[in-house]
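Chemist: Here's a structure for you.
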Amino acid sequence: MGSEGVVGAEAVKSGLKAQLRRAIVSVPSNVAEGLTRSSKKDKLHFLNIAQSSLSEADAQAEISLRLGYLDQLQYGEIEHEMSEVQKYLSGLSRSLR
């Protein structure tokens, strides 16, 4: 692989890291913002955004696995953690309906 390929691969890896980081940080940020809102509708809106951010992070993790940036064990651990967060978000949303 030439230097252009290495630079391109590093740029992709760096971009994935940045996207994953933003998506992960967005989850608790939107939960926190939503729970400070006074209306049920607004609370649910921000919880929905948090769930969407979690889905985005899940997609970034799968892309990272497919590109070889994560091994199967790392991916499995991440998936387990995201599944737990998804359960929490779903339960919280149900409690507000």
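The values are calculated or read from the model by the stated rules, or taken from the named source; none is laboratory data. If you're wondering where the values come from, they're calculated on a predicted model, not measured in any experiment. Heads up, the Cβs are rebuilt from the backbone with ideal geometry, glycines too, and the neighbour counts pull from every protein chain shown.
Chemist: What's the number of the condition residue 15 fails, among (1) part of a helix (DSSP H, G or I); (2) more than 10 Å from the chain's Cα centre (by Cα); (3) at pLDDT 95 or above?
Modeler: (3)
Chemist: Is there any pair linking a residue in the range 8-27 that is more than 13 Å from residue 59 (Cα to Cα) to one that is at pLDDT 90 or above and of a type in the set (Val, Ile, Thr), with Cβ under 8 Å and at least six apart or on different chains, and which?
Modeler: Final answer for the pair search is 26/49; 27/85.
Chemist: Now for a different question. Return yes when residue 70 is free of Cβ contacts under 8 Å to residues at least 60 places away in the same chain, of a type outside the set (D, E, K, R) and not in a helix (DSSP H, G or I) and no when it is not. Even if it seems obvious, please write down each step before you answer.
Modeler: Details: free of Cβ contacts under 8 Å to residues at least 60 places away in the same chain: yes; of a type outside the set (D, E, K, R): yes; not in a helix (DSSP H, G or I): yes.
Here the answer is yes, as residue 70 does meet what is asked.
Chemist: Quick one: which residue in 83, 38 is without any contact (Cβ under 8 Å) to a residue 12 or more places away in the chain and either in a loop (DSSP other than H, G, I, E, B) or surrounded by 14 or more Cβ atoms within 10 Å (Cβ to Cβ) (or both)?
Modeler: Testing whether each residue is without any contact (Cβ under 8 Å) to a residue 12 or more places away in the chain and either in a loop (DSSP other than H, G, I, E, B) or surrounded by 14 or more Cβ atoms within 10 Å (Cβ to Cβ) (or both) leaves just 38.
Chemist: Is it fair to say residue 44 is hydrophobic (A, V, I, L, M, F, W, C) and in contact (Cβ under 8 Å) with a residue 40 or more places away in the chain?
Modeler: Values: hydrophobic (A, V, I, L, M, F, W, C): yes; in contact (Cβ under 8 Å) with a residue 40 or more places away in the chain: yes.
Yes.
Chemist: Please determine whether any residue of the range 33-46 is modelled with pLDDT of 95 or more, hydroxyl-bearing (Ser, Thr, Tyr) and either within 30 Å of residue 13 (Cβ to Cβ) or under 18 Å from the mean Cα position of the chain (by Cα) (or both).
Modeler: no
Chemist: Shifting gears a bit: Quick one: how many residues across the range 23-41 are of a type outside the set (Lys, Arg) and in contact with a helix residue (DSSP H, G or I) (Cβ under 7 Å, 6 or more places away or on another chain)? Full working, then the answer.
Modeler: As a first pass, look at the range 23-41 and keep what is of a type outside the set (Lys, Arg): 23-36, 38-39.
Filter once more, keeping what is in contact with a helix residue (DSSP H, G or I) (Cβ under 7 Å, 6 or more places away or on another chain): 23-24, 26-27, 30-31, 33-35.
So the count comes out to 9.
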